[in-house]
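Report on one structure; see the data block that follows.
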């Protein structure tokens, strides 16, 4: 399927690895010009090389900025005044019991997980509305609708993203701009693999995955970690003109983990 993304300019935050890199790869494969954002030149160049090894003709632009800070967002906006697609993928998580979550820990996750997307959307969405077309996607999590007790602060930020996304979508009425959120479930990224092996030391990665899904995410219908590429392709479709009728939505891509009709 041709998703009609050729020559569209897409900014993917935290695209130097994991889900972000796969979103960038998928967008590039559909012909979009993709800005690969990361905090260091080394991580950005590594991601660009890996994407080009899979998509040789990928049109990729490096962007080194820490969008988890106000200064980093200002740098990004200064170097890239306008985009057709904004994917707010930047986010971090910590597995910490509620009584051990300090004020500083809460503020850190709010600054990175929430304010990065708010600052970038405040600028780029305004331009999209002026032009009458564009896409904004927030990468949330199944924890946004099914909060994890070991990550109360992370879950809270992911729920906040859903509210922000829906609020911003109300601004797009009568335009060809859409704002949506995508909710991945546990995904096989490098950080998640390390997390599982820390939880289940002594087990192989495959055994740790099976044990983690059985004990920690037993309601998952796919009973496995999600491949980052699966999320990347879903996000790319949401960013395309083919998804014009999807607006103000929370697209659940969590493998059936959440037991809910809505």
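Quick note: the coordinates plus some simple rules give every number you see, no bench work behind them. If you're wondering where the values come from, they're calculated on a predicted model, not measured in any experiment. When we count neighbours, we look across all protein chains shown, and the Cβ atoms used for this are built from the backbone with ideal geometry, even at glycine.
Gap in Å between the Cα centre of the range 142-162 and the Cα centre of the range 4-40?
The range 4-40 and the range 142-162 have Cα centres spaced 25 Å from each other.
How would 234, 48, 110 line up from fewest to most surrounding beta-carbon atoms within 10 angstrom?
Least to most surrounded, the residues fall as 110, 234, 48.
Can you give me the angle between helix 70-79 and the longest principal axis of the chain, using Cα atoms only, in degrees from 0 to 90, rounded to the nearest 10?
40 degrees
Any chance you could give the angle, 0 to 90 degrees and rounded to 10, that helix 152-169 forms with the longest Cα principal axis of the chain?
Taking Cα atoms only, the helix is inclined about 30 degrees.
When you have a sec, figure out the Kirkwood radius of the range 75-208 from all distinct Cα pair distances and drop it here in Å to one decimal?
16.3 Å
Checking the a/c ratio against 1.5 first, then a/b against b/c, what shape does the Cα gyration tensor give for the range 169-262?
Judged from the Cα gyration tensor, the range 169-262 comes out prolate (a/c at least 1.5, a/b above b/c).
How big is the convex hull of the Cα atoms of the range 41-149, per residue, in Å³?
Looking at the range 41-149, the number lands at 144 Å³ per residue.
Using the 10 angstrom Cβ neighbour count as an exposure proxy, how do 84, 100 rank, fewest first?
100, 84
Tell me the angle of helix 190-199 to the major Cα principal axis of the chain, expressed in degrees between 0 and 90 and rounded to the nearest ten.
Result, in degrees: 10.
Past the 15 angstrom mark, what percentage of all C-alpha to C-alpha distances in the range 33-75 do you count?
Roughly 42 percent, rounded to a whole number.
Nearest 500 deg cm²/dmol is fine: what mean residue ellipticity at 222 nm does the chain get from its DSSP H runs of n ≥ 4 alone, each adding -39,500 (n - 2.57), divided by its residue count?
Result for the chain: -13000 deg cm²/dmol, rounded to the nearest 500.
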